[in-house]
Each structure stands twice: as C-alpha cells, then as structure tokens.
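Structure record follows, encoded as structure tokens.
Each value in this text was obtained by applying a stated rule to the coordinates, not by laboratory testing. Just so it is clear, the structure is predicted and the values come from calculations on it, not from any experiment. Note that each Cβ is placed from the backbone with ideal geometry, even for glycine, and that neighbours are counted across all protein chains shown.
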Amino acid sequence: MMCPGLTREFEQAPFPRRLVPAPKTFFIPMDKEIAALLQRVKEAGRTPFWRSTPETARGGPTLMRLLFGDAPAVAHVEDLSFTTRDGSSIGARLYIPSPDADSLIVFFHGGGWVIGSVADYHPFTARLACDTGCAVLSVDYRLAPEHSFPRPVEDAQAALAIASREGGQWLGKPLRRLVAMGDSAGGTLATVATRLHGLTNDLKPVDLQVLAYPVTDANFETNSYQKLAEGFLLTRRDMQWFWDQYCPDISRRSDPEATPISASDLSSMPPTVLLCGTLDPLLDEGRNYGHRLSEAGVPVKVVSCEGLVHGFLAMINYSPTAGRAYQDIVNAIRDCSRSSDDAS
C-alpha cells in the first residue's frame with residue numbers, strides 16, 4: 001500500500017536522469033551549535049573509531065546519549081524478544097503513545113553496525129512515538145564484528161516480518177500502516193530488509209521507508225568522501241573501519257544485501273523519504289541511492305539538509321536545522337499514517 005499524499009509530493013520533484021553529484025555546499029555556514037560541537041570534539045582529542053577496537057568504541061557514550069536529552073513519557077513501553085531464522089533471540093522495545101495508535105514504525109538504530117543499542121536510542125524513539133502518534137518497535141539487532149554481515153540483515157528482516165504479523169495484536173486493532181526507518185547503518189538495514197520483505201506475498205507490505213543519512217555503498221572514492229574525509233565528525237577512515245568490522249570480505253560488499261545501491265531491481269520499494277546532511281561523507285551515496293529509486297519508479301523525496309553533519313538526529317534538541325529536518329520526518333510519517341486507503 002502506497003501513501004497517496006506523499007506520492008504526489010514526491011512526484012513533483014523528480015531526480016534528473018543522471019547520477020547526482022554532490023552539491024557545491026561543502027563550506028556553507030552551519031548552525032553555530034554544530035560548529036561548536038565540532039570544535040569540542042577536536043579539542044577533546046577523542047580516539048577516532050578507526051584507531052579503536054569494537055570494545056573500546058562501545059565503551060564511550062554515543063552521540064545520542066551525549067546530546068539528545070531526556071526521553072518523554074510514553075503511555076506504554078514494553079521490552080519484547082523474537083527469534084530469527086537461525087534460532088537466535090533478538091530484543092526489541094515497543095512504544096505505544098496512545099490507545100489510538102494504529103500504525104507501527106520499525107526502527108533500526110545507527111552505529112556503523114558495531115555500536116549503539118535500543119537503550120542508547122531510547123530518548124529518540126520515545127520522542128518519535130509521541131510526535132508521530134505511531135507505535136515504534138526499536139530493534140536490538142546483533143552487532144559486528146561478533147555478528148558480521150549478513151546477520152544484522154537477517155535480524156532486520158525478521159523484525160519486519162514479526163511486526164507485520166503481530167503489529168495488530170500489539171496495538172489491539174488492525175495494523176493500518178507499516179513504516180521502516182533507520183539512521184546511518186540502521187538505514188542500510190531498514191532499506192535492505194524492506195526490499196526483501198517486499199518479495200513475500202503473505203505479509204503486510206511496508207507503506208513507507210524513512211532513511212536518515214543511510215549507508216548505501218562501500219565506495220570511498222566519491223566526491224563527498226574526498227571533500228569531507230576529515231573534520232566533520234564521521235571520517236572516511238572511520239567508515240572504512242566500520243565496513244571492515246561489518247563485512248571484512250571485500251568481495252561480498254557488492255552484494256545488494258550489503259550495499260543496497262547494488263540491487264538490480266528496486267521497483268518494488270515503497271515511497272521513500274531520504275535525508276542527507278550536506279556535510280556528511282555519505283552525502284553522495286545517499287543522493288545516488290535516491291536517484292536509483294527514482295529511476296525505478298519509486299516515489300522518493302530526498303531532503304538535502306544544508307550544514308548538517310552525520311548523526312544529526314541526535315542533535316534535534318541541540319541544532320535548529322537538525323530540528324527542522326526531524327520535523328520533515330514526522331510530517332511524512334503523519335501524512336502516511338493518516339492517508340486514506342482509497343486515495344489516489
């Protein structure tokens with residue numbers, strides 16, 4: 001089921017029929033709050049991820065814990081678990097903001113497939129539930145390198161499947177809309193799982209995917225990787241390190257379940273909202289993935305968030321520009337959840 005209100009909006013601004021180069025905005029002014037954050041990071045002299053071990057990387061606070069603030073109260077919060085196809089037990093946290101909630105967002109956190117957790121993202125996912133009016137299922141997928149590719153993908157696919165089967169039971173009413181969402185590496189899992197989910201005929205389809213600065217490729221030679229290699233929070237060497245933990249066999253990185261831009265057919269994908277920070281090394285691959293979706297006939301809206309760095313969802317209470325980008329997400333999900341089944 002496609003979300004009609006969004007479809008019309010997406011189709012008003014199609015991509016050009018070519019690969020989209022990075023816009024010439026690498027040195028545009030950024031929010032003073034983000035500029036101050038980058039300066040603090042520089043002065044703190046923190047050990048970069050690429051010089052860390054997974055254990056030491058997990059030992060420090062995530063950006064979400066440092067910047068987001070407290071979680072709002074949610075009417076119902078419940079910890080769940082489900083079983084993957086290899087028999088592993090995966091945790092998840094369900095947020096139901098009100099008895100009226102009839103749509104469900106399945107959310108996959110960021111962290112380069114190596115760090116991050118449901119607990120880290122608790123303030124954000126609670127806020128997402130309250131602001132959208134939708135229930136949220138936040139998934140604690142297994143992390144690399146202990147559980148390297150394709151295990152996190154299998155976990156994400158299992159989460160979407162159980163959400164489509166049991167979401168209505170959790171909410172006490174038929175599930176109206178199913179949304180897949182993730183940021184950074186979680187965006188990768190969200191979109192890969194959505195494509196695989198769409199190949200099944202017996203499960204409720206995903207109605208909308210929301211991807212915030214997703215990892216869609218393993219090409220470190222793009223213009224944005226070259227121009228933004230250092231000094232903008234996430235670095236080129238950091239991303240190479242994350243890929244080495246997640247998919248150490250370089251020959252497997254062209255698998256479309258690892259790099260979603262490699263998929264030969266994206267035509268079955270649902271309407272998509274894709275947000276890219278213009279000061280993010282992943283800018284080009286995000287925009288190019290949006291172009292691929294558009295070429296496949298998928299209604300897609302790419303939001304270029306000027307002056308924002310990678311990880312800006314952690315900054316929505318810190319940076320006005322990040323707050324406005326987050327509101328774009330909320331509005332898109334609200335429009336989808338409220339659209340009528342017979343709209344065109």
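Quick rundown of the values:
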{"item": "Surrounding net charge for P260, when Lys and Arg each add one and Asp and Glu each subtract one, Cβ distance under 13 Å", "result": "-2"}
{"item": "Proximal charge balance of V303 [Cβ under 11 Å; K/R count +1, D/E count -1]", "result": "+1"}
{"item": "Linear extension gain, R252 paired with W50, 0.36 nm per residue minus alpha-carbon span", "result": "70.6 nm"}
{"item": "Integer Hz, Karplus 6.51/-1.76/1.60 couplings in order for the stretch 250-264, x for Gly and Pro", "result": "4, 5, 8, 6, 7, 5, x, 7, 9, 10, x, 5, 7, 5, 6"}
{"item": "MRE, 222 nm, helices only [DSSP H, n ≥ 4, -39500 (n - 2.57), over the chain, to nearest 500]", "result": "-11000 deg cm²/dmol"}
{"item": "Residues with amide H under 5 Å from that of A229, placed H, sequence gap 5 or more", "result": "none"}
{"item": "Distance between modelled label sites at D244 and E33, nm, 7 Å Cα→Cβ extension", "result": "3.5 nm"}
{"item": "Around L208: net Lys/Arg minus Asp/Glu count, Cβ-Cβ under 10 Å", "result": "-1"}
{"item": "Shape category assigned to the stretch 200-317 from the gyration tensor of Cα positions, a/c cut at 1.5", "result": "oblate"}
{"item": "For the chain: Kirkwood Rh in Å [reciprocal of mean 1/r, alpha carbons]", "result": "19.9 Å"}
{"item": "Fraction of antiparallel bridges per DSSP, the chain only, in percent to nearest 5", "result": "35 percent"}
{"item": "Neighbour-count ranking [beta-carbon atoms within 10 angstrom, fewest first] of Y318, Y326, Y121", "result": "Y318, Y326, Y121"}
{"item": "Mean Cα-pair separation over length for the chain, i.e. relative contact order, pairs under 8 Å, 6 or more apart, %", "result": "24 percent"}
{"item": "Lysine pair count for the chain [Cα-Cα under 25 Å; pairs on different chains or 8 or more apart]", "result": "10"}
